[in-house]
1. Using only alpha carbons, build the gyration tensor for region 31-168 and give me the equivalent ellipsoid semi-axes, biggest first, whole Å.
2. Assigning unit charges at the beta carbon (Lys, Arg +1; Asp, Glu -1) and nothing else, what dipole magnitude in debye, to the nearest 20, does region 3-193 show about its Cα centre?
3. So which residue, out of 261, 207, 178, gets the largest mean-square fluctuation from a GNM of the chain using Cα contacts under 10 Å as springs?
4. Please give the Cα centre distance for region 147-191 versus region 256-302, rounded to the nearest Å.
5. List the pairs from 55/104; 39/160; 150/211 whose alpha-carbon separation is above 31 Å, in the order I gave them.
6. With springs only between Cα atoms under 10 Å apart, run a GNM on the chain and tell me which of 210, 283, 141 wobbles the most.
7. Could you give the DSSP H helices of the chain that reach 30 angstrom or more along their long axis (alpha carbon positions) and whose average Kyte-Doolittle hydropathy is no lower than -1.0?
8. Note down the Stokes-Einstein diffusion coefficient of the chain in µm²/s, whole number, using a Kirkwood radius over alpha carbon pairs, 4 °C, and 1.567 mPa s.
Amino acid sequence: MTFTTKIKEEITSNEISVLESLVELSAYIRLNGQINKNKIILVMENGSVARRIYKDIKHNFGINIKITIRNQKRFRVKQLYILEINEKVPDILEDLNILKDNKKTLPEEYFLNSTEEKVSFLRGAFLACGSINDPGTGSYHLEFTASTKKEADYIANLLKSFNITAKVIKRSNHYMIYIKSAEMISEIIRLLGATNNFFYFEDIRIYRDHKNMVNRLNNCEIANQEKILKTGLKQLEEIKYLHDNDLIGLLDENVQEAIKYRESYPETSLQELADIISNETGHKIGKSGVNHYFIKVKKLVEKHQAKQKDL
């Protein structure tokens, strides 16, 4: 069972009010229905969604609905549930604000008065044409599909009212509204009422975020260690140059002391070296002080090398 199927099954198990069911139906039929003034045909693969839509239509409009179940064997065997509505079709489409005067209404004309109605429209849209990648697969992706740009923009703007940013792109003969942000996908799952799957998604998201953070910290630690070793080796090369050219005596006692400790602790950072010198000599010195000493070492080396070139 896919993650999308699990979410849809959980959504359809929740009880909703009559008003919410009408808004949900409107979104579902608008986005997944073959519509004309005398007939509505709905084709779906999810049994729990089929039961939900059937129940909502029957409860709200009290009509008979023709149900056909077919086995489709293309690629894999699956059942298709086909609901056919032949009664009160004009009234249903007008009550659901889908058709008015035999013309399909534009999405922006659909006025949602409350947060509950907005969520219901999104829920119906998700049941009709939504999908979410399982976070365990390694990528975060949620999408809706719509047949027109106006419907796609309407869904994107509806999401925006919940501070969720979606992108709209054209794909062959339809439009895709998609989101890649894990936090925003998590919020949509919560809004849709799929509480169990929300916690599942969050558990994996938190685990992956923690793992990524640990990896970043490890990478930073490795980079810092490499930088420390590189600095220490460079300072040892400069110290060797001073020894080879009998220049150590030109430096003051404090710098010479720092040189001895660097030679004894070649792999320590400047801060660690400062702590060692402070503890062993009783003379307090910080990282910047030690760094200052080795700047003097470097300058002496550069000065002597410059003189040698001029000879």
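1. Details: eigenvalues 126, 106, 35 Å².
Equivalent ellipsoid of region 31-168: 25, 23, 13 Å, largest first.
2. Numbers: 29 positive and 23 negative charges, 191 e Å.
I would put it at about 920 debye.
3. Top of the fluctuation ranking is 261.
4. Spelled out, the Cα-based centre of one part sits 58 Å from the other.
5. Numbers: 55/104 24 Å; 39/160 34 Å; 150/211 40 Å.
Long pairs (Cα-Cα over 31 Å): 39/160; 150/211.
6. It is 283.
7. On the way: long enough: 195-244 (72 Å, -0.89); 287-310 (35 Å, -1.17).
Both cut-offs are met by 195-244.
8. 52
Computed from the coordinates by the stated procedures, all read-outs in this text should not be read as laboratory data. Computed from a prediction, not measured in an experiment: that's the story for all the values here. Methodologically, a virtual Cβ is constructed for each residue, glycine included, from the backbone with ideal geometry; neighbour enumeration extends over all protein chains shown.
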